[in-house]
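> The structure that follows is given in the form of C-alpha cells.
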Amino acid sequence: MNRTQAYSASGLLMGLGIVLVAMVWHLSVGAKSLPFGTVLEAFLHFDEGQFNHIIVRDLRLPRALIAALVGASLAVAGALMQGVTRNPLADPALLGLMAGASLAAVLALSVFDLQSQTLLPVIAAVGALLAAILVWTVASRAPGGATPLSLTLSGAALSAFFAAIISVLHLLDQQTFDALRGWLVGSVAGRDLSELIWSLPWMLIGLAAAIVLAPSVTALSMGDEQAAGLGIPITRRKAQLLLCVVVLTASSVAMAGPLGFIGLVIPHLVRLFIGSDYRWIIPYSALFGAAYLLGVDVIARLVVRPQEIATGLITAMLGAPLLIYLVRSRLN
Amino acid sequence: MTHLPETLLRVDQLTTGYQDPVVFDANFHIGSGKLTALIGPNGCGKSTLLKCMARILKPHQGQVILNNANLHDQPTRHVARQLALLPQGPIAPEGLTVRELVAQGRYPHQSLFQQWSREDEAAVQEALSMTDTVELADRPVSALSGGQRQRCWIAMVLAQQTPVILLDEPTTFLDMRVQVDLLNLLTSLAHDHGRTLVVVLHELNMAAAFADHLIMMKDGRLQAQGHPDEIFTRDNLKSVFNLDAQILRDPYSGRLMCVPTQVPHHTTPAADIALAEVVQP
C-alpha cells in the first residue's frame, strides 16, 4: 500500500464519519428538535419509556436510512455512467430511467385510477426497468449496437418523449397531478421501514457490485482498446455495469421518486478531492452521496418549518450552483 | 529485471477486419527479444492486423498463436499477462496522475482479494524508472507534453510485465528528437530486457533505423518481411509505397535510409557532411 492509498483509506473512514454525523443531525431535526445527545442515547441506551427515543428509532430512522441509501445509490450510479460512457454529463436520468419511473407513476394514478400510493414504489421501479429495456432495445438496433453513445442518445430521446406524455396527462388530469406533485420532484418523506426492506437488498447488491467492478471502470475510462489490452471482457463488463446502474436507479426511484442532480454532481465533487481513479471514486461517491442527501433533507425540513419542501427541489437548488462552481474551479 | 519467459507469437493464415476483411492471409512469426516494425501505406491494414494480434478484433479465418495455443481462445486476463497493447492515441481520464496511470497496468495481476501487492508496487516503480518518468509520477497526465505522455503510456504497458508488447503508432505526432528517444527506449526493451516488441510505424527511416525485422504490407497483404538490409530496397519502396527513392547507407550507424528522388537538386554539397554510400538494389 503506498502513501496515496493509505491517505485514501483513512479518508474513507473520515467520509464514513461525516455520514454518521449527518445522520445524527438528520435524526435530531423534525417537528420537535432533539439534542444530539438524545439521538445517540436512543441507540446506545434505548429506553422504551422515553418517547423521544421512540421518535428517533421508529419515526425518523427509516427516513434517514432511506436518504443515506438513495443518496449513495444515485451517486454511485452516476459515477458508473460517467466512467463507462466517458461522458462527464452522464447520470442515471440520461438512460431514461427517471422519466420511465415518473411516467409509470403518472399512468398508474391517472389512467388506471390507482387509489392509494402504497404501490407507487413498485410501479416506479417497474417503470424504470421497462424504460431501461426500451432504451436498450432502441440502442441495440443502431449501427454498432448498444454502445454507450447510442444508449445515451436513445435514453435522451425517450426521456423527452416520456416527459411529453407526462405533460399531456398533466393537462388532461390536473387532480392526479396535485396528488403526485410531491413524488414527481423526489422526496424521502413518509416511507416506513417495510418499504425499505424491498429496495434494501437491491441497493446493497448494486453498491457491492459497483465497488468490486470499480477498478475496471478506470480501465474502461481509458478507452475500449486499452481496457481490452488490460484483459477486461469489454462487452460483458459494460453490460454488468449498466445493469448495476439500472438496479441502483430503479431501487432509488422506488424509494424517493425521480431525484435529480445527485448522480451528476457528487461524482464531480469527489473527483476534485481524490482524482480520477474509480477504485476510489466509487466508494467516495457512495459516502458523499449519502451525506449530501442527508444534509439536503435536513435543509428541506428546516427552511419552512413546520412545513417542509420536497427534497428533490433542494437537491437541484443546491446542486445547480454547486455544479457551476465545480465547472468554474475545474476550468481554472 | 524480472525474468520473463520466452513467448512465441505467430500469425497463421490470418484473415481479419471489421464487417469486411481488411487483412488477408497473413503468415509470419515474431522473433523473441526483437523489435519488429509493421510498415505500409495508410489504410494498408497494419493497425487492423495489430488489433487482431491483440484480440481486439476476431479472426475471420486463420489464427494468432500465442505460446502454442490460439490467442482468441485463451481467457482475456490470462492473455493480458502475456501480451500488452498500447493503442493509437490512448485517452487518459482528466486528473489521473502518472503513477495512477502506470498502476492500471497491474490490473491483470490483481483480483478481488489481491488488490495491491508488493510486486505491484515494485513493477510500477521499475516501469517509471525504465521510462525515466519517476519525476513526473505525481503530476496529472493531461498536463504533460506529447513525448512525456507517451513515455507514461509505455510505462503503463511495462508495468503489465508481459513478454510481448504491441504498440500502434507510438511515435506519430511527436518531434523527431522525441521519436528517437522513444525508439531507443523500445530497442533497449527488446535487446537489453528480452521483451518482444511489435510496433506499427509511420516513419520509414525510423523503421529502417531501429527495427530488427520489417514487415511490409500493402492492400491488406504482406509484401515483404525480413531484416531491413534485405528488404528495405528501392524496388520494395516502389511497389509497396509507390515511392521513388534512393536507398543510402548512413556511414555512422551503418543503417539504411531512403531519400525520395522527387526532391529539388542541390548542386554544391557542404564539405563537412559525410557522404552516404548509395546502396544499389
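Every number in this text was worked out from the coordinates using simple rules, so none of it is lab data. These numbers come from a predicted model, not from an experiment. We place every Cβ from the backbone using ideal geometry, glycine too, and count neighbours over all the protein chains shown.
> Please indicate, with yes or no, whether at least one residue in region A:241-263 is part of a helix (DSSP H, G or I), surrounded by fewer than 23 Cβ atoms within 10 Å (Cβ to Cβ) and within 11 Å of another protein chain (Cβ to nearest Cβ).
The answer is no; no qualifying residue exists.
> Scan region A:217-231 for residues that are more than 7 Å from chain B (Cβ to nearest Cβ) and more than 15 Å from residue B:96 (Cβ to Cβ) and jot them down. Let's see the steps before the verdict.
Of the residues in region A:217-231, the ones more than 7 Å from chain B (Cβ to nearest Cβ) are A:217, A:220, A:224, A:227.
Within region A:217-231, A:224 is the sole residue that qualifies.
> Out of all the residues in region A:7-21, is one or more more than 20 Å from residue A:131 (Cα to Cα), assigned to a helix (DSSP H, G or I) and within 17 Å of the chain's Cα centre (by Cα)? Please lay out each step first, then the result.
So the first thing to find is which residues in region A:7-21 are more than 20 Å from residue A:131 (Cα to Cα), and the list is A:7-21.
Filter once more, keeping what is assigned to a helix (DSSP H, G or I): A:7-21.
Now narrow it down to the ones that are within 17 Å of the chain's Cα centre (by Cα): A:19.
So far as region A:7-21 goes, yes, one or more of its residues are more than 20 Å from residue A:131 (Cα to Cα), assigned to a helix (DSSP H, G or I) and within 17 Å of the chain's Cα centre (by Cα).
> Another one. State which residue pairs qualify: first residue over 10 Å from residue A:101 (Cα atoms) and inside region A:243-260, second residue of a type in the set (Asp, Glu) and outside any helix (DSSP H, G or I) in any location, beta carbons under 9 Å apart, and separation of 6 or more residues or different chains.
Qualifying pairs under 9 Å: A:260/A:91.
> Restricting the search to region B:53-111, which residues are crowded, with 18+ Cβ neighbours inside 10 Å, hydrophobic (A, V, I, L, M, F, W, C), within 8 Å of chain A (Cβ to nearest Cβ) and part of a loop (DSSP other than H, G, I, E, B)?
B:54, B:56, B:92, B:96
> Test each condition in (1) closer than 26 Å to residue B:55 by Cβ; (2) in a loop (DSSP other than H, G, I, E, B); (3) more than 10 Å from chain A (Cβ to nearest Cβ); (4) more than 15 Å from the chain's Cα centre (by Cα) for residue B:119 and report the one that comes out false.
Residue B:119 satisfies all of (1) closer than 26 Å to residue B:55 by Cβ; (2) in a loop (DSSP other than H, G, I, E, B); (3) more than 10 Å from chain A (Cβ to nearest Cβ); (4) more than 15 Å from the chain's Cα centre (by Cα) except (2).
> Being surrounded by 19 or more Cβ atoms within 10 Å (Cβ to Cβ), part of a helix (DSSP H, G or I) and under 20 Å from the mean Cα position of the chain (by Cα), is that true of even one residue in region A:104-113?
If we filter region A:104-113 for residues that are surrounded by 19 or more Cβ atoms within 10 Å (Cβ to Cβ), which is where we start, we get A:104-106, A:108-110.
If we keep only those that are part of a helix (DSSP H, G or I) too, we end up with A:104-106, A:108-110.
In the following step, the residues that additionally are under 20 Å from the mean Cα position of the chain (by Cα) were identified as A:104-105.
Within region A:104-113, one or more residues are surrounded by 19 or more Cβ atoms within 10 Å (Cβ to Cβ), part of a helix (DSSP H, G or I) and under 20 Å from the mean Cα position of the chain (by Cα).
> Related question: Taking region A:304-320, which residues are touching a helix residue (DSSP H, G or I) at 6+ places or on another chain (Cβ under 8 Å) and in a loop (DSSP other than H, G, I, E, B)?
The answer is A:308, A:309, A:310.
> Considering only region B:95-102, I want to know if a residue exists there that is out of contact with any Phe, Trp or Tyr (no Cβ under 9 Å at 6 or more places or on another chain) and of a type in the set (Gly, Ala, Ser).
Within region B:95-102 (the criterion being out of contact with any Phe, Trp or Tyr (no Cβ under 9 Å at 6 or more places or on another chain) and of a type in the set (Gly, Ala, Ser)), the answer is yes, since at least one residue qualifies.
> Here's another thing I want to ask about it. Restricting to region A:39-56, name every residue that is among the hydrophobic types (A, V, I, L, M, F, W, C), farther than 15 Å from residue A:20 by Cα and assigned to a helix (DSSP H, G or I).
Taking region A:39-56 first, the residues among the hydrophobic types (A, V, I, L, M, F, W, C) are A:39-40, A:42-44, A:46, A:51, A:54-56.
Filter once more, so that each one left must be farther than 15 Å from residue A:20 by Cα: A:46, A:51, A:54-55.
A:51, A:54, A:55, listed by residue number.
> Quick check on this structure: which one of B:236, B:242, B:205 is within 15 Å of the chain's Cα centre (by Cα) and among the polar types (S, T, N, Q)?
Within the list B:236, B:242, B:205, the selection yields B:205.
> Can you name every residue in region B:18-36 that is assigned to a strand (DSSP E or B) and either within 15 Å of residue B:46 (Cβ to Cβ) or in contact (Cβ under 8 Å) with a residue 24 or more places away in the chain (or both)? Please lay out each step first, then the result.
Of region B:18-36, the ones assigned to a strand (DSSP E or B) are B:21-30, B:35-36.
Selection gives B:21, B:22, B:23, B:24, B:25, B:26, B:27, B:28, B:30, B:35, B:36.
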